[in-house]
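A.B. asks: One structure, pasted below without further comment.
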Amino acid sequence: MNKKYKPKTILTHDGDHYADHKGAIVPPIYQNSLFAFENWDHIDEAFSAPGDHFIYSRLQNPTAHIAEEKIAAIAHGEKAKLTASGMGAISAAIMYCVKAGSHVVTIKTLYGPANNFINKFLKEKCGVTVTYIDGTDIEQFKEAIQENTSLIYLESPASLTYELQDLKAVATLAKARGIKTVIDNTWASPLFQKPLDYGIDISVHSASKYLCGHSDVVAGVIISSQKIIDDILVTEHALLGAKIAPFEAWLILRSLRTLPIRMRAHQEAVLEIIPWLETQPGIKKVLHPATKYFPQYKLGKSQMSGYGSLLSILLDTEDILKVKAFVDALKIFKLGVSWGGHESLVYAPVISYIKELDENQFKAMGIIPNMIRLSVGLEDMADLKDDIRQALSKLD
Ligand SMILES: *Cc1c(COP(=O)(O)O)cnc(C)c1O
């Protein structure tokens with residue numbers, strides 16, 4: 001479709017190719033493992049360019065392909081590849097950028113499983129080494145780079161403490177040194193932040209969060225140039241096998257059509273709840289890039305066009321039993337991992353991170369027992385405030 005259309009129109013029509021599906025306004029779920037060819041020459045031609053043909057559903061599937069075209073278009077990438085999970089996308093993108101003995105520069109507050117993949121799995125299996133920085137100053141990147149650095153792995157904003165990295169500055173530095181850049185762009189969604197526009201090589205998302213938005217799919221996506229996606233398709237994607245199921249791809253496709261209105265609603269909700277939270281007795285601080293005292297407020301405004309609704313609060317108590325009582329008292333905010341769905345969620349990172357990470361990493365991430373993460377969903381704002389108000393009364 002003509003790329004001059006705006007995101008809402010792209011998400012409604014781009015890639016749907018109605019005529020290829022008998023005019024169906026919602027395309028079918030292609031629940032097939034393989035594709036039959038008319039003759040030797042046709043299948044031979046397909047194998048010469050697997051990125052442009054449907055051969056086998058571990059590589060490409062038509063239902064997934066429609067969603068991939070939409071995501072690539074709104075993210076300003078040439079191509080996208082859906083995967084079985086966010087970690088499927090992250091591990092494939094990282095493996096594409098490293099080899100045995102490579103060095104990686106990344107941030108201290110990195111998403112836990114991504115950190116474990118680099119610093120445990122790749123370290124033990126392939127001797128990959130890693131340098132952690134807080135990432136808020138470009139000088140730290142310059143100092144951290146070594147001769148064998150092959151990847152700078154970013155997450156901006158970080159999904160617990162929301163530190164940002166200057167995407168343009170990092171991409172420029174990395175390009176000059178021949179280093180690949182990958183960003184986990186899950187928090188802002190591809191609507192509110194377009195890292196490829198700043199020169200970042202690969203953008204990855206957990207599609208289980210905003211891209212799905214209904215908490216009924218685990219999926220991921222890799223977005224990049226045609227060359228990189230076609231290379232990953234036949235290497236990390238085909239060989240490690242984290243392919244998305246056709247039905248999951250179809251659910252993501254359904255979700256994409258409402259992504260702009262959901263993101264607008266999430267943003268409106270978070271911008272309303274932040275100033276309210278700041279005035280509540282029992283809340284010491286709100287962590288989110290839209291707060292006035294957020295140290296990188298200006299950078300956030302300059303590289304994002306909107307805000308996600310995941311935030312953290314610091315409760316004004318050191319007493320873990322009171323923190324527990326607050327969490328357990330919430331009724332509308334459901335207690336659970338993940339975020340970015342229609343429903344509001346609460347989580348205390350201390351519960352799992354202390355088990356997932358080694359002690360130093362855990363401390364470096366700045367996680368403290370009274371830090372509570374909230375994902376603001378699509379419920380009525382007055383009900384959400386009432387819920388938090390009654391739970392805060394447990395701190396008295
Ligand atoms: C959830 C999440 C992931 C991992 O995605 P899955 O779909 O659960 O594999 C990666 N990064 C961030 C920031 C996340 O929140």
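A.B. asks: Please work out which one of (1) exposed (fewer than 15 other Cβ atoms within 10 Å of the Cβ); (2) away from the ligand (no atom under 16 Å from the Cβ); (3) within 25 Å of the chain's Cα centre (by Cα); (4) not in a helix (DSSP H, G or I) is the condition Val337 fails and give its number.
C.D. replies: (2)
A.B. asks: With the checklist (1) in contact with a helix residue (DSSP H, G or I) (Cβ under 9 Å, 6 or more places away or on another chain); (2) more than 18 Å from Thr186 (Cα to Cα); (3) free of Cβ contacts under 8 Å to residues at least 60 places away in the same chain in hand, flag the one item Thr279 doesn't pass.
C.D. replies: (1)
A.B. asks: Of all residues being β-branched (Val, Ile, Thr) and outside any loop (DSSP other than H, G, I, E, B) in the range 348-375, which is modelled with the lowest pLDDT? Just the residue, please. Explain how you work it out, then say what you get.
C.D. replies: Step one: filter the range 348-375 for residues β-branched (Val, Ile, Thr), giving 350-351, 354, 367-368, 372.
If we keep only those that are outside any loop (DSSP other than H, G, I, E, B) as well, we get 350-351, 354, 372.
Numbers: Val350: 85, Ile351: 86, Ile354: 73, Ile372: 96.
Selected residue: Ile354.
A.B. asks: Can you spot a residue in the range 317-328 that is crowded, with 16+ Cβ neighbours inside 10 Å and under 22 Å from Gln165 (Cα atoms)?
C.D. replies: no
A.B. asks: Further question on the same structure: Going residue by residue through the range 252-260, is there one that turns out to be within 29 Å of Asp134 (Cα to Cα) and either touching a residue at least 40 places away in the same chain (Cβ under 8 Å) or surrounded by fewer than 21 Cβ atoms within 10 Å (Cβ to Cβ) (or both)?
C.D. replies: Residues of the range 252-260 within 29 Å of Asp134 (Cα to Cα): none.
No: the range 252-260 contains no residue that is within 29 Å of Asp134 (Cα to Cα) and either touching a residue at least 40 places away in the same chain (Cβ under 8 Å) or surrounded by fewer than 21 Cβ atoms within 10 Å (Cβ to Cβ) (or both).
A.B. asks: When you look at Ile244, is it surrounded by 15 or more Cβ atoms within 10 Å (Cβ to Cβ) and of a type outside the set (Asp, Glu), yes or no?
C.D. replies: yes
A.B. asks: Identify, by number, the condition in (1) of a type in the set (S, T, N, Q); (2) closer than 23 Å to Ala144 by Cβ; (3) outside the structural domain of Ser57 (by TED's automatic domain parsing) that Thr181 doesn't meet.
C.D. replies: Of (1) of a type in the set (S, T, N, Q); (2) closer than 23 Å to Ala144 by Cβ; (3) outside the structural domain of Ser57 (by TED's automatic domain parsing), only one is false for Thr181: (3).
A.B. asks: Now for a different question. I'm trying to understand the selection: among the residues of the range 206-217, which are more than 19 Å from Lys243 (Cβ to Cβ) and within 8 Å of the ligand (Cβ to nearest atom)? Reasoning before the result, please.
C.D. replies: Keep residues of the range 206-217 that are more than 19 Å from Lys243 (Cβ to Cβ), which gives 209-210, 213-215.
Passing the criteria: only Lys209.
A.B. asks: I'm checking my understanding of the structure. Among residues of the range 62-90 that are more than 9 Å from the ligand (Cβ to nearest atom) and of a type in the set (Gly, Ala, Ser), which one is surrounded by the most Cβ atoms within 10 Å (Cβ to Cβ)?
C.D. replies: Of the range 62-90, the ones more than 9 Å from the ligand (Cβ to nearest atom) are 62-82.
From what's left, of a type in the set (Gly, Ala, Ser): 64, 67, 72-73, 75, 77, 80.
Working: Ala64: 26, Ala67: 29, Ala72: 24, Ala73: 22, Ala75: 24, Gly77: 25, Ala80: 25.
Among those that are more than 9 Å from the ligand (Cβ to nearest atom) and of a type in the set (Gly, Ala, Ser), it is Ala67.
A.B. asks: When you go through Ser150, Ser203 one by one, which is the residue that is in a strand (DSSP E or B), more than 16 Å from the ligand (Cβ to nearest atom) and of a type in the set (Gly, Ala, Ser)? Can you show your working first?
C.D. replies: On the way: Ser203 fails: more than 16 Å from the ligand (Cβ to nearest atom).
Every option except Ser150 fails the conditions.
A.B. asks: Output yes when any residue across the range 32-42 is surrounded by 14 or more Cβ atoms within 10 Å (Cβ to Cβ), free of Cβ contacts under 8 Å to residues at least 24 places away in the same chain and more than 23 Å from Thr186 (Cβ to Cβ), and no when none is.
C.D. replies: yes
A.B. asks: Those residues that are under 22 Å from Asp230 (Cβ atoms) and surrounded by 11 or more Cβ atoms within 10 Å (Cβ to Cβ), I need them from the range 1-31; list them, please.
C.D. replies: To start, the set of residues in the range 1-31 that are under 22 Å from Asp230 (Cβ atoms) comprises 1, 3, 10, 14-15, 17, 20, 30.
Met1, Ile10, Asp14, Gly15, His17, Asp20, Tyr30 - these are the residues of the range 1-31 that are under 22 Å from Asp230 (Cβ atoms) and surrounded by 11 or more Cβ atoms within 10 Å (Cβ to Cβ).
A.B. asks: Restricting attention to the range 279-309, which residues are assigned to a helix (DSSP H, G or I) and of a type in the set (S, T, N, Q)? Can you show your working first?
C.D. replies: Within the range 279-309, the subset assigned to a helix (DSSP H, G or I) is 297-303.
Of everything in the range 279-309, those that are assigned to a helix (DSSP H, G or I) and of a type in the set (S, T, N, Q) turn out to be Ser302, Gln303.
A.B. asks: Of the conditions (1) in contact with a helix residue (DSSP H, G or I) (Cβ under 7 Å, 6 or more places away or on another chain); (2) buried (at least 18 other Cβ atoms within 10 Å of the Cβ); (3) among the small types (Gly, Ala, Ser), Ser305 fails just one. Which one is it?
C.D. replies: (2)
The values are calculated or read from the model by the stated rules, or taken from the named source; none is laboratory data. Everything numeric here is computed off the predicted structure, so don't read it as measured data. In this analysis, Cβ positions are derived from the backbone assuming ideal geometry, glycine residues included, and neighbour counts consider all displayed protein chains.
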